[in-house]
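Beneath this line is the structure, given in structure tokens, with notes to follow.
Laboratory data are not the source of any read-out in this text; all were calculated from the coordinates shown. Since we're looking at a predicted model, the values are computed, not measured.
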Ligand SMILES: NC(=O)c1ccc[n+]([C@@H]2O[C@H](COP(=O)([O-])OP(=O)(O)OC[C@H]3O[C@@H](n4cnc5c(N)ncnc54)[C@H](OP(=O)(O)O)[C@@H]3O)[C@@H](O)[C@H]2O)c1
């Protein structure tokens, strides 16, 4: 009997590649997306594989959409074997200039939404592998930003650290329930996603201008405020320049298809391994944290500070 994967955030990037890969392997795939009928890619895949690909609507900021999406999956395929928490957004910009409302949305999409969806999916996952005796899994798509902090990414970092902690705790907590929790962690920019394009419109405008190399007219600001803003513009240009070595333009950057392949490996492993980094080779922060050398916290913080200095 084909197994079933429920993919959250499936219209682009990593989620779309996971839908493609698992469909090609003969799985039942539930592709959850805010607006499935608006995605040409999902519609095209569905028309080629109508019996094994179910498109469902799910909006992470609206928890009322969660139960109907899960119930549709169970009605169609009877089980959910793998829950793939993939969706994510990034409010880029200086903490001081972003709003509290944006922080709430950041956490709603990257943390509270996936947490509640996971809670609702657990009973289905617990009862799913009865016939095949294969594993039930929850897989989180984390980020390097769940392990190290980058200036001007404070909202995203906070959400990914929180999600990382939840995922790690659930790995231990759900093992006795027969559910394996794994964490796939893309590090640095991933090619073939819409992460930049999807998130740029909501980034803090000052940072966007400095990113685009646009001259900002701050003449209307009172002098003290202008000095503050000019510092953020300079900080934005410098930091974004530094992070280019970690971006999807960097040599050796991994692709969304590479991440999907690691998700496949994690599902097929049939073991209890937890973390799968993708693209971490040579990353200075991952090396400092996990490279095997003994780094005390002061040394780690100094190394990361020097990177951005
Ligand atoms: N791209 C990178 O460089 C990179 C690096 C490290 C980690 N990651 C992580 O990888 C994951 C996938 O991102 P991606 O790179 O594939 O970017 P992406 O192309 O922007 O895809 C993210 C998906 O998140 C979904 N989403 C956004 N807001 C949502 C909401 N309110 N409710 C439900 N779904 C929502 C969207 O799915 P729908 O349109 O289908 O609703 C979107 O397709 C994210 O968790 C991201 O943090 C990305």
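Over the C-alpha trace of the chain, radius of gyration and Dmax come out as 20.4, 70 angstrom. Taken as Cα centroids, segment 172-209 and segment 115-170 sit 11 Å apart, rounded to the nearest whole angstrom. Each Cα pair under 8 Å and six or more residues apart adds its separation to the average, and for segment 1-48 the resulting relative contact order is 40 percent.
Once the Cα atoms are used to define both axes, helix 297-308 deviates from the longest principal axis of the chain by about 70 degrees. Can you tell me the orientation of helix 113-127 relative to the chain, as the angle in degrees between its alpha-carbon axis and the longest Cα principal axis, to the nearest 10? For 113-127 against the chain, the angle is about 20 degrees.
In terms of its alpha-carbon gyration tensor, segment 1-107 comes out prolate; a/c meets the 1.5 threshold, and the first ratio a/b outweighs b/c. As a length-normalised measure over Cα pairs under 8 Å and 6 or more apart, the relative contact order of segment 202-309 settles at 21 percent. P(r) tail, segment 155-255: Cα-Cα pairs separated by more than 25 Å, 42% of all pairs. Centre-to-centre separation between the Cα atoms of segment 48-69 and those of segment 270-286: 29 Å. Compute the helix-to-body angle for 223-243: its Cα long axis versus the longest principal axis of the chain, expressed 0 to 90° and rounded to tens. Once rounded, the angle reads 50 degrees.
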